[in-house]
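The next block holds one structure in the form of structure tokens; read it before the comments.
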Amino acid sequence: TFLSGNHQRTRKQQQDDHHRLPPSPPALPVLGHLHLVGSVPHVSLRSLAKNHGHDIMLLRLGAMPVIVVSSPRAAEAVLRTHDHVFASRPHSVVAEVVLYGPSDIGFAPYGEYWRQARKLVTTHLLSVKRIQAFHLAREEEVRRVMGQISEAAAAGAAVNVGELLGSFTNDLACRAVMGESFRSEGRNKLFRQLVVDTSPLLGGFNVEEFFPFLARFGVISKVVRTKSERLRRRWDELLDRLIQDHEDEASASAAASDSDDFIHVLLSVRQEYGLTREHMKAILLDVFFGAIDTEASVLEYAMVELMRRPDAMKKLQAEVRATVPKEQELVSEADLSSMAYLRAVIKESLRLHPVAPLLAPHLSMSSCDDVVDGVVVPAGVRVLVNVWAIGRDPRFWDDDAEAFVPERFLDGGGAADVSFRGTDFQYLPFGAGRRMCPGMNFGLATVELMLANLMHRFDWELPAGKTGRDIDMSEVFGLVVHRKKKLLVVPKLQAS
Ligand code: HEM
């Protein structure tokens, strides 16, 4: 069994441990529980947990043991009490090739490199100071999108929300990474294409490695390695040129300033952190893969829920329109602070649609003797926290847990005090503990500003003959979950 990997433990201890493993549903030979986990794993894992392990259960997916956590108390045990045991990540071939080792933050195993890289990113790239310094860039990019929506409104055309928001968050990430020149020579488009080409591999085969129940062909084949290497060469070519350009510029001018892009910042701390060129490229890739799909997904799901709840949309529009002075064309960041309903809508949307419903997989680095109720988890086991199931569990939310009710997060609502900052374990859209998302504030700044602007001057309608009930909510699972069907909506410029 996989417990035999625990060499330090005596035979007697190992037998004891066996009895104290988390509960498990009945398994098949060879397949284990593979046949029980469908293509939308967070949903099937919730049903399994209901019957076999409310807090924590053990599955065997083919040969691989996986722990699934489905309650706030077990999530707290894994992400806070025993965080030091569960803070690593499983190995992935695609990440090893595409992310240089991996030398990024999201996929790196727990250890000194990860600690330093994460410190660098939180103090220098995603700090409050830098988020503020980036506000003009965010506003300018939002302005562009509003221009595109105005054109669609004038033509009476529908807008593909996912595509519009995806290219917006892509452009913003490019701008953060490489500065204002990101549109020259169509660079933003090259990056968009590269992100789109890499995602299925990182979010597909890579997911198959993490979640082997999705692997249709068993072993990750040579083909995947070859494909990964080809992608890495394309990334190399683009990023090397950009870094080189920045190096040339940096040697011609003074030290980094607040408004500098991420490449300049990384160059300025390169010696302090002992960064190689590959480390820098991997860290930049984390920005692309951490920011683009996540922000676009939060925004798209917020729009979907608002289209399904027109009264909530009206309430949000009223808040935004009452706050922003009449003559002002765009909502600026300064206007956002008093928009309580806006924040409640985003929180509620993240509760029902956490972009990573099982977080990113965690890995136990040693055996943990008493996770909850004396349950043992051995070393080297993947741990999935089903934050999607926990966020919809009526035991921790009200009976309307499955409904979109932003009011619950307002003063006087049932969840008014519940925060997503990793301290309330019934609500973990950004995770918690050492591996919690370091880009939370960076991402939220974008999401808030964009959603407020989408609500400001436009009314939104579904294409003729459709109602909110017709919106297909099917999902496709990946590192970031996304909608199966695109959402088309028709903007109407509000008469002023
Ligand atoms: C609203 C948008 C975002 C959401 C909902 C989100 C959510 C998450 C989640 C759930 C995790 C996994 C936590 C875990 O494994 O326990 C994560 C990790 C991560 N996120 Fe985000 N994220 C967002 C935006 C961003 C942005 C903008 C960046 C960077 C620019 C970013 C960078 C990262 C990185 C580097 C990690 C890995 C952390 C580690 O392994 O130490 N994220 N994020």
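The values are calculated or read from the model by the stated rules, or taken from the named source; none is laboratory data. These numbers come from a predicted model, not from an experiment. Counting neighbours? That spans all protein chains shown, and the Cβs are built from the backbone with ideal geometry, glycine included.
In this structure, E329 does not satisfy being within 20 Å of V145 (Cβ to Cβ) and in contact with a helix residue (DSSP H, G or I) (Cβ under 6 Å, 6 or more places away or on another chain).
Looking at the structure I just gave you, is V66 surrounded by 18 or more Cβ atoms within 10 Å (Cβ to Cβ) and either touching a Gly at 6+ places or on another chain (Cβ under 7 Å) or over 22 Å from V481 (Cα atoms) (or both)? Spell out how you get there, then give the answer.
Numbers: surrounded by 18 or more Cβ atoms within 10 Å (Cβ to Cβ): yes; either touching a Gly at 6+ places or on another chain (Cβ under 7 Å) or over 22 Å from V481 (Cα atoms) (or both): no.
Taking the combined requirement at face value, the residue does not satisfy it.
Inclusion of G478 among residues that are within 16 Å of the ligand (Cβ to nearest atom), within 22 Å of R343 (Cα to Cα), in contact (Cβ under 8 Å) with a residue 24 or more places away in the chain and not aliphatic (A, V, I, L, M) is not warranted.
Does R469 count as surrounded by fewer than 19 Cβ atoms within 10 Å (Cβ to Cβ), within 17 Å of the chain's Cα centre (by Cα) and among the charged types (D, E, K, R)?
On the way: surrounded by fewer than 19 Cβ atoms within 10 Å (Cβ to Cβ): yes; within 17 Å of the chain's Cα centre (by Cα): no; among the charged types (D, E, K, R): yes.
Here the answer is no, as R469 does not meet what is asked.
Any chance the range 117-126 includes a residue that's surrounded by fewer than 21 Cβ atoms within 10 Å (Cβ to Cβ), within 16 Å of the ligand (Cβ to nearest atom), touching a residue at least 24 places away in the same chain (Cβ under 8 Å) and within 23 Å of R192 (Cα to Cα)? No: the range 117-126 contains no residue that is surrounded by fewer than 21 Cβ atoms within 10 Å (Cβ to Cβ), within 16 Å of the ligand (Cβ to nearest atom), touching a residue at least 24 places away in the same chain (Cβ under 8 Å) and within 23 Å of R192 (Cα to Cα).
Go through the residues of the range 65-85 one by one and say whether even a single one is in contact with a helix residue (DSSP H, G or I) (Cβ under 9 Å, 6 or more places away or on another chain), farther than 22 Å from N170 by Cα and modelled with pLDDT under 95. For the range 65-85, residues in contact with a helix residue (DSSP H, G or I) (Cβ under 9 Å, 6 or more places away or on another chain), farther than 22 Å from N170 by Cα and modelled with pLDDT under 95: present.
The condition of being farther than 22 Å from G162 by Cβ and within 14 Å of the ligand (Cβ to nearest atom) holds for only one of D286, D311, that being D286. With respect to L45, determine if the residue is modelled with pLDDT of 80 or more and under 17 Å from V66 (Cβ atoms). The answer is yes for L45.
Residue by residue, here is whether (1) part of a helix (DSSP H, G or I); (2) in contact with a Phe, Trp or Tyr (Cβ under 8 Å, 6 or more places away or on another chain); (3) farther than 26 Å from M64 by Cβ holds:
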| site | (1), (2), (3) |
| --- | --- |
| V331 | no, no, yes |
| S349 | yes, yes, yes |
| S366 | no, no, no |
| A389 | yes, no, no |
| E402 | no, no, yes |
| T423 | no, no, yes |
